[in-house]
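See structure below.
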Amino acid sequence: MLKGIVLKTNETDMIEVWDNFRQGDNNAFSLLFESYLDTLYRYGMKFIHDEDFVKDCVQDLFIKLYNNRSSLSSTTNPKFYLLYSLKNMIIDALAKNKRIIYTSPENLPFIASLYYDTEENNSDEEEIKEKFEKVLGMLNARQKEAIYLKFQMGLSYEEISQLLQINYQSARNLIHRSITKIRSIMDLPVFLIHFAYYYV
């Protein structure tokens, strides 16, 4: 079974759901929660491998949203709004946690575990996995996050720049350099498939 796949939502429809939630529709709130819970959890786990910590941050985010729904602004991309809010919440929580030494956004890790299907052990697949892991070793945390946000989350360069706290051109350059590194080892589409399925 393929792992690490984030279910797609119709972002255009979710704009209306977001607006309905802001107007007090509890069903819309439930739909937002159900639609983005897994996406937010997976994103949060990339920063720190602590399930309880991440679950608490996601829960706190939705509680905060619910309590402040009437004052929330409109958005053209609820998923970006939630990812951005969760990342800031995680950074704030890490800063308050004295056992965590990385508290600035640029020093956040972007980590994950590799899960392979043990039934896929043919030589071609093994060669691809070796190349995939080599590429991962070449990419730094910000490059991995940028690739994740661009190709798995489908965010724009402007949205990525805000999440990484860099300017628009820097976001484009970061992704371009990352793609160049990937292509020096393996085909980009093959890498992205493995990145989506196995880097979880």
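May I ask you to list the residues in segment 67-86 that are surrounded by 18 or more Cβ atoms within 10 Å (Cβ to Cβ), within 15 Å of MET45 (Cα to Cα) and not aliphatic (A, V, I, L, M)? Scanning segment 67-86 gives no hits.
Considering only segment 43-54, I want to know if a residue exists there that is at pLDDT below 95 and at positive phi. Within segment 43-54, not a single residue is at pLDDT below 95 and at positive phi. Applying a threshold of 8 Å to beta carbon distances and a minimum spacing of six or more residues, or different chains, the list of pairs starting in segment 16-28 at a residue that is over 12 Å from SER70 (Cα atoms) and ending at one that is part of a helix (DSSP H, G or I) and of a type in the set (Phe, Trp, Tyr) reads ALA28/TRP18; ALA28/PHE21.
Taking the numbered list (1) assigned to a helix (DSSP H, G or I); (2) of a type outside the set (D, E, K, R); (3) exposed (fewer than 15 other Cβ atoms within 10 Å of the Cβ) in turn, ILE147 passes all entries but (3).
Please go through segment 158-189 and pick out each residue that is of a type outside the set (Val, Ile, Thr) and buried (at least 19 other Cβ atoms within 10 Å of the Cβ). Across segment 158-189, the qualifying residues are GLU159, SER161, LEU163, LEU164, ALA171, LEU174, SER178. For segment 120-133, the condition holds for no residue, the condition being that it is in contact with a Lys or Arg (Cβ under 6 Å, 6 or more places away or on another chain) and surrounded by fewer than 19 Cβ atoms within 10 Å (Cβ to Cβ).
When the test is whether a residue is modelled with pLDDT of 90 or more and not assigned by TED's automatic domain parsing to the domain that holds LYS150, LEU2 does not pass it.
Would you tally the residues in segment 42-61 being surrounded by 16 or more Cβ atoms within 10 Å (Cβ to Cβ) and either over 15 Å from TYR84 (Cβ atoms) or free of Cβ contacts under 8 Å to residues at least 40 places away in the same chain (or both)?
Matching residues across segment 42-61 total 8.
Every condition in (1) modelled with pLDDT of 95 or more; (2) surrounded by 14 or more Cβ atoms within 10 Å (Cβ to Cβ) holds for LYS64 except the one numbered (2). The conditions of being within 16 Å of LEU108 (Cβ to Cβ) and not hydrophobic (A, V, I, L, M, F, W, C) are met by GLU145.
When restricted to residues that are touching a strand residue (DSSP E or B) at 6+ places or on another chain (Cβ under 7 Å) and outside any helix (DSSP H, G or I), segment 160-200 contains 1.
The values are calculated or read from the model by the stated rules, or taken from the named source; none is laboratory data. Nothing here was measured: the structure is a model prediction, and the numbers come from that model. So basically every Cβ, Gly included, is an ideal-geometry build from the backbone, and we count neighbours across all protein chains shown.
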